[in-house]
Ligand SMILES: N[C@@H](CCC(=O)N[C@@H](CS)C(=O)NCC(=O)O)C(=O)O
């Protein structure tokens, strides 16, 4: 029986973190995931739980306490159900893990800004910024990793945090033609990236689902917002994104219609 409830937006990378952690722990059944439709205003019962904020995921305990922020939720689950431990035990190793995790926010921010960017003149600057994140991660791993391809011997907490973001950045491949740098300066990060994406505990979403759902981001509309001339967001649940046509690659072109995207 489920002991905790997560309210989440499907295909959200931040809630996939929790799904991966639970899969690694063999505890998927202990948390119930309740889907929230981001294309509609948040219902009052949900806003009551969050105290008025709209960002998901949130976790609710059986006695109605609510936690926010995926990294906080990961830590809570790890401490609530400590065995098997996924974060490092040793204080120094835990610090190394946290140093890598501390790079996540800027990395995520650049990728989301890049997919939403509508100015062709800014494209090269975004590519250079993404490349420099990968080079920075590579240097970090070369210096601190005790394992290969992972940071330590197994897929651990740093991998739980980064993998869903690596997968979301399939939208950069599809809409920007961008993939992680292939040169030697980023080789260690690339090896880590590829191993993270291939890990059996991280297969909750596919390339197709991500690029179909995030189409509107590539044309500048995030979080279920509507683009001009459209009546449905690409984040709509229905028709299901698993069966809609995969949107065309690229983005600096006329935007597709509801019909082109299989949304009618
Ligand atoms: N820092 C937050 C980010 C969560 C986040 O950005 N969630 C997105 C969905 S992927 C969201 O709820 N967007 C809608 C909103 O903020 O109203 C976390 O790690 O939990």
Complete set of residues in segment 28-61 that are touching a helix residue (DSSP H, G or I) at 6+ places or on another chain (Cβ under 8 Å) and away from the ligand (no atom under 11 Å from the Cβ): 28, 30, 31, 33, 60
Being more than 25 Å from residue 247 (Cα to Cα) and crowded, with 20+ Cβ neighbours inside 10 Å, is that true of even one residue in segment 168-188? yes
Counting only helices (runs of 4 or more DSSP H) entirely within segment 183-222, those with at least 2 residues that are within 15 Å of the ligand (Cβ to nearest atom) and under 19 Å from residue 111 (Cα atoms) are 207-213, 215-218
Among 56, 22, 100, which is the only one that is surrounded by 14 or more Cβ atoms within 10 Å (Cβ to Cβ) and within 29 Å of residue 139 (Cβ to Cβ)? 100
Which pairs do you get when a residue that is in contact (Cβ under 8 Å) with a residue 12 or more places away in the chain and outside the structural domain of residue 13 (by TED's automatic domain parsing), found in segment 35-49, comes within reach of a residue that is part of a loop (DSSP other than H, G, I, E, B) and away from the ligand (no atom under 11 Å from the Cβ), reach meaning Cβ atoms under 7 angstrom, with the pair 6+ apart or on two chains? none
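The values are calculated or read from the model by the stated rules, or taken from the named source; none is laboratory data. Just so it is clear, the model here is predicted, and its values are computed rather than measured. Here Cβ is always computed from backbone atoms with ideal geometry, including for glycine, and neighbour counts include all displayed protein chains.
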